[in-house]
Amino acid sequence: MSPALSFFILLLAFSKADALYGHYLGRCQFSSYDGHDAVYLEQMYFNKILELQYNSTLGKVVGYTMEGKKAADILNKNARYIHHQQWKLQFCSRAVPRIHSGGLLTPVEPSVWVRSVKDAGSKHPGMLACSVYNFYPKQIRVTWLREGKEMSSEVMSTDEMPNGNWLYQVHTFLEYIPRPGEKISCKVEHASLVEPQLYEWEPTSDSGMNKIIVGTAGLLLGLVFSVGGLMYYKKRTHERDLVPTTEVLYPENTL
Ligand SMILES: *[C@@H]1O[C@H](CO)[C@@H](O)[C@H](O)[C@H]1NC(C)=O
């Protein structure tokens, strides 16, 4: 039986009748490329309450609740359990170079969309949004530039939100109406980019509404011409239908 499993049975043994759910979270933390600084952490929860934690830096389990402390005492005396935790730390640090070479941690360049948005709740009628999608790692800096100068007021930003697939997104808003001819851009600084990237706001291509208006106008114009053409065609064929009759009658009338 694995130490983790035996621990769970141990924890269940002194849990209350209303206990519903136990889980543990194993974490391998590192910032190096070779894994020499890896730390292995294992947290045991019962009904979402952190009962105890193994920390490889301390080399032992620390209890946080009364039951957790009791269990920690038992586990710390269990040589097999401690040995198994040390093995997990080794596994963790040996995995680090493979994780790096596997490309799992190589930076991923974001895709950026600068647009104007309407915010119903805002006093300001004009708002620009800079949406930065699908980047890795999480650390990023997104700023607004007006004529190349950073703007600090009227800027709002969401947190970096995880997509759930190792990639992140962040949205930055600027409450501002650009004057005609003014250059507003969104600046993105990220590990995946050799140098900061600027994404300029373009008022014309920006609004989908314009495209809809132009498209509708084109459609109407086409409709007018085709209906007009059809009417003209009908009129002409009608006139031609009348021609033989007049031709037949014409000689009689003139005679
Ligand atoms: C693990 O233990 C080390 C050394 O005491 C400490 O610096 C670190 O913050 C601990 N980690 C956690 C997540 O508690």
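The values are calculated or read from the model by the stated rules, or taken from the named source; none is laboratory data. Source: prediction; values computed, not measured. In this analysis, Cβ positions are derived from the backbone assuming ideal geometry, glycine residues included, and neighbour counts consider all displayed protein chains. Accessible surface areas use protein heavy atoms only, side chains included; no ligands, DNA or RNA. Shrake-Rupley method; radii C 1.70, N 1.55, O 1.52, S 1.80 Å.
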Could you let me know the centre-to-centre spacing of the stretch 134-178 and the stretch 23-73, using Cα atoms, in angstrom?
34 Å
Over the stretch 152-199, what percent of the accessible surface lies on carbon and sulfur atoms, probe 1.4 Å?
52 percent
Rounded to 0.05, the calculated FRET efficiency for the beta carbons of residue 157 and residue 179 at R₀ = 25 Å is 0.60
Extending each Cα 7 Å along its Cβ direction at residue 29 and residue 195, get the distance between those two points in nm, one decimal.
3.7 nm
Run the simple label-point estimate for residue 147 and residue 48 please: 7 Å along Cα→C-beta, distance reported in nm.
5.3 nm
Say each of residue 77 and residue 240 gets a label point 7 Å from the Cα, pointing the same way as Cα to Cβ; how far apart are those two points in nm?
11.0 nm
If I model the stretch 111-200 as equal point scatterers sitting on the Cα atoms and use the Debye formula, what is log10 I(q)/I(0) at q = 0.13, 0.14, 0.16, 0.23 Å⁻¹?
-0.42, -0.49, -0.63, -1.18
Full extension from residue 224 to residue 90: what is 0.36 nm times the residue separation minus their Cα-Cα distance, to one decimal in nm?
40.5 nm
How much length is gained on full extension from residue 65 to residue 98, taking 0.36 nm per residue of separation minus their Cα-Cα distance?
8.2 nm
